[in-house]
Amino acid sequence: MADLVLKNGKLVTPGGVLDAGVAIEGETIIAVASDGQLPPAAREIDCGGNLIFPGVFDPHVHLGGRTPYEDNVITETQSAAAGGVTSFLQYARSPDNDFQVIADRIEFARQRSLVDTAFHFIVSGLDQAKAIAEVSNRFGIKTFKFYMGGYSPGNPVGIVTADDGVLYSGMERIRHLGDFAFCMVHAEDHALVELFTEEVKKSGRQDLRAYSDSRPHFVEEQDILRAMWMAELLGCPLYVPHVTIGAAIDAAIAARQRGARFVLETCPHYLALTADDARFEGDGAGIGKVSPPLRDNGNQERLWWGLANGHISTVGSDHVPIEKSGGALWEERPGFAGMATILPVLLTEGVLKGRITLEKVAEVTSLNPARIFGYYPQKGAIAVGSDADLCIVDLNTERVVGVETTHTQFTSAFDGVALKGWPIMTIRRGEVIFEDGEVIAKPGSGRLLERTAKPATL
């Protein structure tokens, strides 16, 4: 007898949407079959004809915003559970080469997270680039991010810009870390952002488009091309998060034709919002402030095309737990909370508008991130032997984004927006952690992810 069986649902996999159910024993899927072929179970859940997705694997999360990390990890993994997120990768950084901050965060995550998690590391300076092998050996981290620009020295976020020497030194070491190792770059050319920001500020503009004009599309394109050139020179796999421009897709296609390992990620807000959205007029300008910035409709449609055609492999939330003040644009911190709205945005703006399929949503939010970073098939699949990470979604349910739907106090770029396609139940390793609008998992029930997979082919 199984512990849990899901029946009367439509199973969404990258290979198709199936009239099938799932049987779970302990933490593992033991059967995927038609309802009549599933074993009896201690608990049966009637999915009411709703969609059953693999649990979302979010590859791009920042925790520890304006509240202590040890508290943040509880509140924001509650939000993750409400959004169908069962696993996520979060960024950590250290002010020095002691790296105790990383050790502390790993321990807090182990003790307090509601969903499964692991870490990327943000490299701040040449000494840390030279210590990449040490960080990898000590903490099992294989993915290292470099900010090529976009943040001035002494910025309140604490980001340190990496020059080409730091990036080169880092890539030299990352390429030797083996399977699933990636150099990751925040692509905004530092000198150009500084130049254009000063010029735009002098104009006195406070509209959101002003912020986008201070970071025009070519400052991102330039850094992507430079990082790609360096990665190919050194034979280092490259992963570019939060891509906003169509030109990145062209670069990726060309690089892959040359045999380079080059992966693109975008975010729901770049797919659904623009700098000219009326919601961000006046005092709302700072709500839409994010780095890289929101773009225009032309770039947005190219992102949808790239996603639909396999040129963009993953969608990450870029979840940043901060409260927007509604004050002056230039003083507002960039970013916003996003884990709880990944699926509703992709379903509302993608599936229901005919831009992508249900199968593609499962691919870019679960299968691909798990494969790319080394956690498939334990994660990212609805298959016998995989972790029972599942999300039941009602495609017809429309809700307005707010604290009650996101389960976080922090600002969402979609606050007040009606979206369709919300999770109604989340199951993490066989345990129901979100049901009937309530997060029921306990802090510390999540685990640290361990790589068990063979090399990815994406």
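Structure data summary
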{"read-out": "Of residues in the range 115-124 being of a type in the set (A, V, I, L, M, F, W, C) and within 17 Å of the chain's Cα centre (by Cα), the one nearest to residue 56 (Cα to Cα)", "value": "115"}
{"read-out": "Elements of type helices (runs of 4 or more DSSP H) in the range 157-218, at least 1 residues being under 30 Å from residue 283 (Cβ atoms) and either touching a residue at least 40 places away in the same chain (Cβ under 8 Å) or of a type in the set (Ser, Thr, Tyr) (or both)", "value": "190-202, 208-213"}
{"read-out": "Checklist (1) surrounded by fewer than 20 Cβ atoms within 10 Å (Cβ to Cβ); (2) of a type outside the set (Phe, Trp, Tyr); (3) in a helix (DSSP H, G or I) applied to residue 78, failing item", "value": "(1)"}
{"read-out": "Test: residue in the range 242-250 that is within 20 Å of residue 182 (Cβ to Cβ) and free of Cβ contacts under 8 Å to residues at least 24 places away in the same chain", "value": "no"}
{"read-out": "Residue within the range 309-318 that is in a helix (DSSP H, G or I) and either more than 27 Å from residue 180 (Cα to Cα) or touching a residue at least 12 places away in the same chain (Cβ under 8 Å) (or both) present", "value": "no"}
{"read-out": "Matching residues in the range 96-123 - criterion: being in contact (Cβ under 8 Å) with a residue 60 or more places away in the chain, among the charged types (D, E, K, R) and within 23 Å of residue 182 (Cα to Cα)", "value": "116"}
{"read-out": "Residues of the range 224-275 classified as in a helix (DSSP H, G or I) and of a type in the set (Val, Ile, Thr), total", "value": "3"}
{"read-out": "Residue match in the range 74-82 (condition: more than 16 Å from residue 389 (Cβ to Cβ) and free of Cβ contacts under 8 Å to residues at least 40 places away in the same chain)", "value": "no"}
{"read-out": "Residue within the range 262-271 that is in contact with a Cys (Cβ under 9 Å, 6 or more places away or on another chain) and crowded, with 18+ Cβ neighbours inside 10 Å present", "value": "no"}
{"read-out": "Subset of the range 412-431 (residues that are within 12 Å of residue 393 (Cβ to Cβ) and small (Gly, Ala, Ser))", "value": "421"}
{"read-out": "Pair list, Cβ under 6 Å, 6 or more apart: the range 381-409 residue farther than 27 Å from residue 27 by Cβ and in contact (Cβ under 8 Å) with a residue 24 or more places away in the chain, other residue assigned to a loop (DSSP other than H, G, I, E, B) and not acidic (Asp, Glu)", "value": "401/414; 401/417"}
{"read-out": "Matching residues in the range 26-68 - criterion: being closer than 30 Å to residue 118 by Cα and acidic (Asp, Glu)", "value": "27, 58"}
{"read-out": "Test: residue in the range 102-121 that is touching a His at 6+ places or on another chain (Cβ under 9 Å) and modelled with pLDDT of 95 or more", "value": "yes"}
{"read-out": "Residue that is hydroxyl-bearing (Ser, Thr, Tyr), modelled with pLDDT of 95 or more and in a strand (DSSP E or B), where the choices are 405, 397, 426", "value": "426"}
{"read-out": "Filter pass, residue 36 being assigned by TED's automatic domain parsing to the domain that holds residue 319 and either surrounded by fewer than 18 Cβ atoms within 10 Å (Cβ to Cβ) or assigned to a loop (DSSP other than H, G, I, E, B) (or both)", "value": "no"}
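Per-residue answers, yes or no, for (1) charged (D, E, K, R); (2) outside the structural domain of residue 180 (by TED's automatic domain parsing); (3) surrounded by fewer than 24 Cβ atoms within 10 Å (Cβ to Cβ):
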site	(1), (2), (3)
316	no, no, no
322	no, no, yes
340	no, no, no
351	no, no, yes
359	yes, no, yes
366	no, no, no
390	no, yes, no
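Residue-by-condition table, conditions (1) polar (S, T, N, Q); (2) more than 21 Å from residue 59 (Cα to Cα):
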{"position": "143", "(1), (2)": "yes, no"}
{"position": "184", "(1), (2)": "no, no"}
{"position": "207", "(1), (2)": "no, yes"}
{"position": "212", "(1), (2)": "yes, yes"}
{"position": "233", "(1), (2)": "no, yes"}
{"position": "236", "(1), (2)": "no, no"}
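Condition check ((1) modelled with pLDDT under 95; (2) over 19 Å from residue 93 (Cβ atoms); (3) charged (D, E, K, R); (4) surrounded by 23 or more Cβ atoms within 10 Å (Cβ to Cβ)) across all residues:
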{"site": "148", "(1), (2), (3), (4)": "yes, no, no, yes"}
{"site": "166", "(1), (2), (3), (4)": "no, no, no, no"}
{"site": "190", "(1), (2), (3), (4)": "yes, no, no, no"}
{"site": "199", "(1), (2), (3), (4)": "no, yes, yes, no"}
{"site": "215", "(1), (2), (3), (4)": "no, yes, yes, yes"}
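The values are calculated or read from the model by the stated rules, or taken from the named source; none is laboratory data. No experiment lies behind these values; they were computed from the predicted model shown. Glycine also receives a Cβ, built like all others from the backbone with ideal geometry; neighbour counts cover every protein chain displayed.
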